[in-house]
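**Q** Pasting in a structure now, in structure tokens, and then I'll have a few things to ask.
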Amino acid sequence: MRGVWCTLIAGGLIAGGLSCSGQTVVNQATAEAAAADAGQASLADDPQAIAVLKEAGARFDYNDQGSVRAVELIKSKITDDDLEYLQRLRNLEILEIGGGKVTDAGTAHLAGLGQLQKLYLHDLPITDAALRHLAKISTLRVLSLQRTRVTGKGLVHFKGHKNLNVINLSFTKADDEALAAMKHIPNLDTIAVEATRVTGDGLRHLNRLARLRVLNLNRCKVNDPDLYHLVGLDELRMLYLRDCNVTDENIEKFKDKMTSLAVFY
């Protein structure tokens, strides 16, 4: 019987939980379940990390499995060194840090957030140097850097980033070089540069962004002729031009060429 059993195993018919040597082997379903449990354990949040972040003033949101999916740190006591603990939240998808003393050095810890999809950093003294670190987050879909010291030149580090859809540089010192860098981020569908140094001439850099749907240029130096740089962006649906130097007459002519576009001015 032992020989028959070993022949069946050689033919691929493993069953009964016995090996040819007579030793017990683990049932495949049991092994898979154990592996899944081990995988879940490896993705569990570190209690020490939660304690440190909570002490700094963090607020948490949890997923259905009870793991932290979002962290909010507004006017908190968080430091650059404390940001290292965020890497121990294995399921973190959304992070907001507003106000406080986080610097470019601290953003290096964010590069290791392998599940992060949405990042909101505002009212912080970070510069374009931070973008070199943030570009390493391959899963990132939304990047908002309102009221920081970023100019947007550092977006060159995002060249070819396939998942980034949304960039918000409103109320920064972003200029036309920021738009020049954005043209190399192929899947952008939303750009906000309200109240920046962006000019209408910079709009010519956006003609590669075939998926662009929303563009916020409120309070930028954009004139009537500049709008025609956007002709050909067939997916563009919403254009914000409040407090720009545009006229009713020209907007109507422009919309004749962009029939699916809503313009707010």
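The values are calculated or read from the model by the stated rules, or taken from the named source; none is laboratory data. Just so it is clear, the structure is predicted and the values come from calculations on it, not from any experiment. Every residue, glycine among them, receives a Cβ derived from its backbone with ideal geometry; neighbour counts consider all protein chains shown.
**Q** Looking for whichever is closer than 17 Å to Met238 by Cα and not hydrophobic (A, V, I, L, M, F, W, C) here; the options are Gly154, Gly200, Gly160. Which one fits?
**A** On the way: Gly154 fails: closer than 17 Å to Met238 by Cα; Gly160 fails: closer than 17 Å to Met238 by Cα.
The conditions single out Gly200.
**Q** Please verify whether Gln48 is at pLDDT 95 or above and either farther than 30 Å from Gln146 by Cβ or touching a Gly at 6+ places or on another chain (Cβ under 8 Å) (or both), treating the condition exactly as stated.
**A** Details: at pLDDT 95 or above: yes; either farther than 30 Å from Gln146 by Cβ or touching a Gly at 6+ places or on another chain (Cβ under 8 Å) (or both): yes.
So Gln48 fits the description; yes.
**Q** Residue check: is Leu110 at pLDDT 95 or above and either surrounded by fewer than 20 Cβ atoms within 10 Å (Cβ to Cβ) or closer than 28 Å to Glu194 by Cβ (or both)? Don't jump to the end; show me each part of the working.
**A** Numbers: at pLDDT 95 or above: yes; either surrounded by fewer than 20 Cβ atoms within 10 Å (Cβ to Cβ) or closer than 28 Å to Glu194 by Cβ (or both): yes.
So Leu110 fits the description; yes.
**Q** Applying the selection to the range 48-73, what residues are in a strand (DSSP E or B) and surrounded by fewer than 16 Cβ atoms within 10 Å (Cβ to Cβ)? Talk me through it step by step, then tell me what you get.
**A** Here is the first cut: in the range 48-73, the residues in a strand (DSSP E or B) are 59-62, 68-73.
Those that are in a strand (DSSP E or B) and surrounded by fewer than 16 Cβ atoms within 10 Å (Cβ to Cβ): Arg59, Asp61, Tyr62.
**Q** Residue by residue through the range 185-201, note down the ones that are surrounded by 18 or more Cβ atoms within 10 Å (Cβ to Cβ) and assigned to a helix (DSSP H, G or I).
**A** Selection gives Gly200 alone.
**Q** Residues of the range 217-231 being over 16 Å from Met258 (Cβ atoms) and either at pLDDT below 95 or not in a loop (DSSP other than H, G, I, E, B) (or both), which ones? First the steps, then the outcome.
**A** Quick first cut of the range 217-231, residues over 16 Å from Met258 (Cβ atoms) only: 218-221, 223.
Passing the criteria: Lys221, Asn223.
**Q** Take the range 138-167 and flag every residue that is buried (at least 20 other Cβ atoms within 10 Å of the Cβ) and either touching a Gly at 6+ places or on another chain (Cβ under 7 Å) or within 15 Å of Glu96 (Cα to Cα) (or both).
**A** Correct list: Leu140, Leu143, Leu145, Thr148, Ile167.
**Q** Checking Glu252 against (1) acidic (Asp, Glu); (2) touching a residue at least 12 places away in the same chain (Cβ under 8 Å); (3) surrounded by fewer than 19 Cβ atoms within 10 Å (Cβ to Cβ): exactly one of these is not met. Which one?
**A** (2)
**Q** So, one more: Within the range 74-90, is even one residue crowded, with 19+ Cβ neighbours inside 10 Å and closer than 23 Å to Thr190 by Cβ? Break it down into steps so the answer makes sense when it comes.
**A** At the first step, the residues of the range 74-90 found to be crowded, with 19+ Cβ neighbours inside 10 Å are 76, 78, 82-83, 85-86, 89.
Next, only the ones that are closer than 23 Å to Thr190 by Cβ stay: none.
The answer is no, given that none of the residues of the range 74-90 is crowded, with 19+ Cβ neighbours inside 10 Å and closer than 23 Å to Thr190 by Cβ.
**Q** Restrict the check to the range 203-213 and report whether at least one residue is touching a residue at least 40 places away in the same chain (Cβ under 8 Å) and surrounded by 19 or more Cβ atoms within 10 Å (Cβ to Cβ).
**A** Among the residues of the range 203-213, not one is touching a residue at least 40 places away in the same chain (Cβ under 8 Å) and surrounded by 19 or more Cβ atoms within 10 Å (Cβ to Cβ), which makes the answer no.
**Q** Those residues that are under 20 Å from Arg242 (Cβ atoms), of a type in the set (A, V, I, L, M) and out of contact with any helix residue (DSSP H, G or I) (no Cβ under 7 Å at 6 or more places or on another chain), I need them from the range 194-210; list them, please.
**A** First, pick out the residues of the range 194-210 that are under 20 Å from Arg242 (Cβ atoms): 194-203, 206.
Now narrow it down to the ones that are of a type in the set (A, V, I, L, M): 195, 198, 203, 206.
Listed by number, the list holds a single entry, Ala195.
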